[in-house]
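Values quoted throughout were computed directly from the atomic coordinates according to the rules given, and no laboratory measurement underlies them. Just so we're clear, the structure is a prediction, and the values are computed from it rather than from any experiment. Glycine gets a Cβ as well: all are built from the backbone with ideal geometry, and neighbour counts include every protein chain shown.
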Amino acid sequence: MRVVSGIQPTGKPHLGNYLGAIVNYVKLQDEAHAAGGECFIFLADLHALSQPHDPAELTKNTREMVATLVACGVDPSKTILFNQAQVPAHAELQWLLNGTARMGWLNRMTQWKDKAGKNREGQSVALFTYPVLQAADVLLYQATHVPVGEDQKQHLELARDIAQKFNNDFCSEDAPLFTLPEPYIPPAAARIMSLRDGTAKMSKSDPSDMSRISLTDDPDTVMKKVKKAKTDPEPLPSEEKGLEDRAEAKNLVGIYAALTGKSTADVLAEHGGQGFGAFKPALGEVLVETLRPINARFMELKDDQEALDAILARGAAQAREHGLPTLNAAYKALGLVRG
Ligand code: AQP
């Protein structure tokens, strides 16, 4: 069992990152550890170059992201936790895979279409080739399980296509180089939506801070954001089909269900008929209690730069060692003589 996933240090991680991905980092880390496998979680700082960025902010966000992940339960004694920039094999393998990936495949990526919008010509090349780096990230470690939110499913399918084509083109049938990675997507809460717009995903880069719950928000801020979340005037329905065409209500009920481990049907059985004036404070309470221990641990860790850098340095050394055999094999398969 090889678990591999990454998160961009492009801002404060939010509830979508937590429910869509981080909760499963911790779950799979423990399963892999118990089964004698490995778990690799990396900060995708190379991916962060795909958008305009401030170098000093990137360094600061990288340390804060390590502190947040550890506060959420990612355990550096069970997980190889590192940042991409310290493991050059990611960028090297991406270049090797650029020869296999097809322009048409990348052109179909919905994240590229969404983020580029009408201004494709003005985007960085990195935004376009982002999914090839992502393929390199997971193929380098022969990932079997990749915990991600639903928005990354298409990129994982692309990684499988790249791996398959490389194996077909450059390896013998009985000795394929790359393992085809499987996405591990939570059955519920795979896509948490913005608190200001139930049709847009909750995102670090949304200009409105009110659109997301950051994992480091204090209790008052969490309550304020939940109470100001956009909703409709109707009370909650008692059955799931009553949430159809009510994107904001569906999102809040989904968050409540994911945090309490209940099904949507159970949440509606309990809260159906209630207006948002009553449901929002109940949701706020659940959120505050979930975030309380994460916040406390984050505050203890965040200023210890030396300890955070040491976690990354140790993880990077382990990652370099684990990735090397696959990188060397990829060079060899392509007929490249490597020094
Ligand atoms: N709203 C979401 N719901 C569920 N899962 C989500 N993820 C992100 N947003 C949601 C999952 O979190 C992991 C890390 O994501 P990322 O930071 O690497 O990139 P992203 O998907 O681009 O996240 P953001 O917040 O939208 O960042 P920006 O704004 O910087 O682009 C991934 O597994 C992702 O699926």
Whole-percent tail of the Cα-Cα distance distribution for the chain, cut at 38 Å, equals 18
When the convex hull of its Cα atoms is projected in every direction, mean area for the stretch 209-300 (nm²):
5.7
Can you give me the three principal axis dimensions of the stretch 1-149 from its C-alpha atoms, in Å, biggest first?
47, 33, 27
Label-point gap, in nm, between N328 and E300 - each point 7 angstrom along Cα→Cβ:
4.1
Which residues' amide hydrogens lie under 5 Å from the amide hydrogen of F40, considering only partners 5 or more residues apart or on another chain, with H built in the peptide plane?
V3, V4, S5, I80
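Take every DSSP beta bridge whose two residues both sit in the chain, then give the antiparallel share in percent to the nearest 5.
On the way: 2 of 16 bridges.
If I count the DSSP bridges inside the chain, around 10 percent turn out antiparallel.
Pop the C-beta distance of K224 and D169 into the FRET formula with R0 = 35 Å and round what comes out to the nearest 0.05.
0.05
Structure shown: which of K227/K262; K165/K201; K78/K250; K12/K165; K153/K302 lie over 26 Å apart, alpha-carbon to alpha-carbon? Kindly include the intermediate steps, with their values, before the conclusion.
Values: K227/K262 22 Å; K165/K201 32 Å; K78/K250 36 Å; K12/K165 36 Å; K153/K302 31 Å.
Correct reply: K165/K201; K78/K250; K12/K165; K153/K302.
Under the Kirkwood approximation applied to all pairs of distinct alpha-carbon atoms, what is the hydrodynamic radius of the stretch 61-198 in Å? Let's see the in-between values first.
Values: mean 1/r = 0.0594 Å⁻¹.
About 16.8 Å for the stretch 61-198.
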Report the label-to-label distance for E239 and A200 in nanometres (one decimal), using points 7 Å from each Cα along the Cα→Cβ vector.
3.4
Debye log10 I(q)/I(0) at q = 0.30 Å⁻¹ for the stretch 123-177, Cα point scatterers
-1.24
Sorted by packing (mean other beta-carbon atoms within 10 Å per residue), highest first, where do 33-45, 277-289, 99-111, 178-190 land?
33-45, 178-190, 277-289, 99-111
Measuring from centroid to centroid over Cα atoms, what is the spacing of the stretch 93-120 and the stretch 310-339 in Å?
24
